[in-house]
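Okay, so here's the structure we're looking at.
The values are calculated or read from the model by the stated rules, or taken from the named source; none is laboratory data. All figures in this text were calculated on a predicted structure; none of them were measured in a lab. A quick note on method: Cβ atoms are made from the backbone with ideal geometry, for glycine too, and the neighbour counts reach across all protein chains shown.
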């Protein structure tokens, strides 16, 4: 039902590697298809987007205008929500907004005795694109999580794209877009939507950065346009790692593992605990609760293929493994989580203590739910306001400063064989 | 000798586009070669690196140990520098270090009335790799600019790779590595060095992020391993944009354009000025000074192919064009630069006033010289300490907080059809 491992097993490291292994295959067919689509959109603009949308989304319209969702329709979707749902969306939106304001970065400047002033200025991106997948991975919460950091950063224009196969528009997604203040929505998707956002067409404006998850074609297209525009991390399957000291309710832990596993069959749920008896109790909870889950089949595949209950020697070893895995979501489901926290170096989001469950973070605690997956928390961060701001170095050198620095620069420039650099510096020192 | 444009030309926008156009061709041969090299290094580790180094760098050794530069040799390189050069390198290193300390990001936390605490923790990467090109683009200043932000961030281990075709080691580069506190240096390069750093071999440790410029093979390899490790921006040719109000010495401006152009034939130097007579004077300075330059041939090609003197209507129009170009280096070579500064939204580094010349920034002013190229300053930032730190969300929800948030999360989770999420939240509210 779920893999059982112990760090004392002779083959533990190998088995862990196999469990963690997930590399989006670089499918040559996908690469060629994406390359062709991008070329087509660059060459033919709107006409290519219309043709590709007809082919892939069975949506046959005569102009891009018909693929744009009017503001009024977005507002109607919001107004049409049941009161409880609208209230929940508003609470979530406001908490996410409020949390993210603390990520705003500030200009800074330092002055030197000779009048030289150095610093950095922080400015928002002009225009960004948000990709929202169609079908079952089309989540209103993700619209908020992608759009709100951009809004807080001060991005002037947010363009959302979301494929609507057969023309069916997801009202919850449109409502979330209206609430988050998305400026324009186009019902296009796939590599053609990424290409249109990166290069612009007659009717679709080019953006400066594209964020949001998508299928293999979308991921490959983002990788291809990287450099022309900014992109966020290419997302892998979602993961949770729970560290338990056996102090929590096994049903809670089982349900937390389910919440990850229900996303899709490739999602990963792992529990680390030093207590074998407790692991057995969690396994019993899994067996008892699984049949009550509407998504039991997806959960079962995910737990069988990629899930694990791992018996560790002690909590220190659990932290070591957690740092190796660098999980997207880490739950410290222990009596004294503050004692473990300093030992954790790598994780996207850390849920501290029994009440801090991932599901609250996914929707409304405030922090972003777009997080680094596949061990990338070793080097990257949750999506944030900082992804929608960029910095410029500001360099104000005084005449006295130039006189002092020019000989240093010239010495190094001559050492590198760059005489124009040296002369350019020396001019400023009156040489 | 250099292109002359005016914004009043009917075909100005087209000509500007042609000048700016630079897209590293996605060469199918390079892609295949890089793919093969990465597979080989992953499969055979050290043995593959040794074979490839023999093939590409004509360096035939029996073990990776022979390709590692001992600490003592790095220190000898530093001790062997002429006094003036050593002093210049030390001044530059200390100024770069000092400037970058201001980029350190801090943890933050907010507390709510019900005891819930939310925040972010900032931690350094464990281990990073710095790629230093061989041959004529092997600059000691770049070693400092890549290594110092990582040191300031608190990265525990910095691994440098630098190819040494034929076995010749660049003493200035080794001296800079010693001064910057690089931990280990391997004399390997190309896609095989990137693959070894990304995946690790028996003798070369896997890193968490790879930074630094390289040729087409290195760039493609970085693009391929992106996700497995972090990478910095894929760098294009270097550029300078000068905005002049005709108040500066034309020789200074000409030399600043040369300093960019001497890097390589594809480097780009553009001057914007409303005064046609001044543009003519700069052209005259170019003609007069060019023959005095040791790198005159490279400069001539760069100015002819990619350089331009552009007459603008006024300084406002110059700022508009500057925002479109989003230059790596922007010099405000004007009487009142502070009046222009608020109008500039996009640039990697802004050099403010006549004394603030790029050549000082390249070596020793303090800000980083690794900057976004090819219009990417629209969405990205100078290399900085923030590239070597990452954030984890910290989520501490109190019992009362969980009771308040669980219904919100559950409502949204049921709306998305994710029942395990809903139940996992509801457990925490006693439901």
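One table, with the values for the structure above:
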quantity: Number of the exception - residue B:294 against (1) assigned to a loop (DSSP other than H, G, I, E, B); (2) surrounded by 20 or more Cβ atoms within 10 Å (Cβ to Cβ); calculated: (2)
quantity: The lone exception for residue A:305 - which of (1) surrounded by fewer than 16 Cβ atoms within 10 Å (Cβ to Cβ); (2) within 29 Å of the chain's Cα centre (by Cα); (3) farther than 23 Å from residue A:9 by Cα it fails; calculated: (3)
quantity: For residue B:271: the one exception among (1) within 10 Å of chain A (Cβ to nearest Cβ); (2) part of a strand (DSSP E or B); (3) more than 27 Å from residue A:230 (Cβ to Cβ); calculated: (1)
quantity: Criterion: more than 30 Å from residue A:204 (Cα to Cα) and buried (at least 16 other Cβ atoms within 10 Å of the Cβ) - qualifying residue of A:116, A:53, A:123; calculated: A:116
quantity: Among the candidates A:17, A:23, residue that is within 11 Å of another protein chain (Cβ to nearest Cβ), modelled with pLDDT under 95, outside any strand (DSSP E or B) and closer than 29 Å to residue B:121 by Cβ; calculated: A:23
quantity: Flag for residue A:361 being more than 30 Å from residue B:338 (Cα to Cα) and not assigned by TED's automatic domain parsing to the domain that holds residue A:151; calculated: yes
quantity: Residue in region B:127-142 that is farthest from the other protein chains (Cβ to nearest Cβ), counting only those that are out of contact with any strand residue (DSSP E or B) (no Cβ under 7 Å at 6 or more places or on another chain) and crowded, with 17+ Cβ neighbours inside 10 Å; calculated: B:134
quantity: Sole residue being closer than 18 Å to residue B:241 by Cβ and at pLDDT below 95, chosen from B:266, B:306; calculated: B:266
quantity: Residue in region B:162-172 that is touching a residue at least 24 places away in the same chain (Cβ under 8 Å), on the phi < 0 side of the Ramachandran plot and at the interface with chain A (Cβ under 10 Å from one of its Cβ atoms) present; calculated: yes
quantity: Count of residues meeting criterion [touching a residue at least 24 places away in the same chain (Cβ under 8 Å) and in a helix (DSSP H, G or I)] in region A:41-56; calculated: 8
quantity: Residue count for region B:57-76, restricted to those that are in a helix (DSSP H, G or I), surrounded by 18 or more Cβ atoms within 10 Å (Cβ to Cβ) and out of contact with any strand residue (DSSP E or B) (no Cβ under 9 Å at 6 or more places or on another chain); calculated: 1
quantity: Residue in region B:416-430 that is more than 8 Å from chain A (Cβ to nearest Cβ), over 22 Å from residue A:333 (Cα atoms) and at pLDDT 95 or above present; calculated: no
quantity: Output for region A:358-393, where each listed residue is more than 8 Å from chain B (Cβ to nearest Cβ) and in a strand (DSSP E or B); calculated: A:389
quantity: Whichever residue in region A:219-240 is more than 10 Å from chain B (Cβ to nearest Cβ) and at pLDDT below 90 and, among such residues, is surrounded by the most Cβ atoms within 10 Å (Cβ to Cβ); calculated: A:220
quantity: For residue B:411: the one exception among (1) part of a helix (DSSP H, G or I); (2) more than 9 Å from chain A (Cβ to nearest Cβ); calculated: (2)
quantity: Candidate set from region A:101-122 (those that are free of Cβ contacts under 8 Å to residues at least 12 places away in the same chain and within 11 Å of another protein chain (Cβ to nearest Cβ)); member that is farthest from the chain's Cα centre (by Cα); calculated: A:110
quantity: Count of residues meeting criterion [surrounded by fewer than 15 Cβ atoms within 10 Å (Cβ to Cβ) and either closer than 18 Å to residue B:365 by Cα or touching a residue at least 12 places away in the same chain (Cβ under 8 Å) (or both)] in region B:81-93; calculated: 3
quantity: Every residue from region A:326-354 that is facing chain B (nearest Cβ under 7 Å), surrounded by fewer than 24 Cβ atoms within 10 Å (Cβ to Cβ) and in a loop (DSSP other than H, G, I, E, B); calculated: A:345, A:353
quantity: Checking residue B:282 against (1) more than 10 Å from chain A (Cβ to nearest Cβ); (2) surrounded by fewer than 23 Cβ atoms within 10 Å (Cβ to Cβ); (3) in a helix (DSSP H, G or I), the condition it does not meet; calculated: (2)
quantity: Any pair with Cβ under 9 angstrom, 6 or more apart, that starts in region A:59-70 at a residue that is closer than 13 Å to residue A:160 by Cβ and ends at one that is assigned to a helix (DSSP H, G or I); calculated: A:67/A:49; A:67/A:50; A:67/A:53; A:69/A:77; A:69/A:174; A:69/A:177
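Table: residues versus (1) buried (at least 24 other Cβ atoms within 10 Å of the Cβ); (2) under 14 Å from the mean Cα position of the chain (by Cα); (3) more than 23 Å from residue B:364 (Cβ to Cβ); (4) not assigned by TED's automatic domain parsing to the domain that holds residue B:31.
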residue	(1), (2), (3), (4)
B:190	yes, no, yes, no
B:194	yes, no, yes, no
B:201	no, no, yes, no
B:204	yes, no, yes, no
B:210	yes, yes, yes, no
B:217	no, no, yes, no
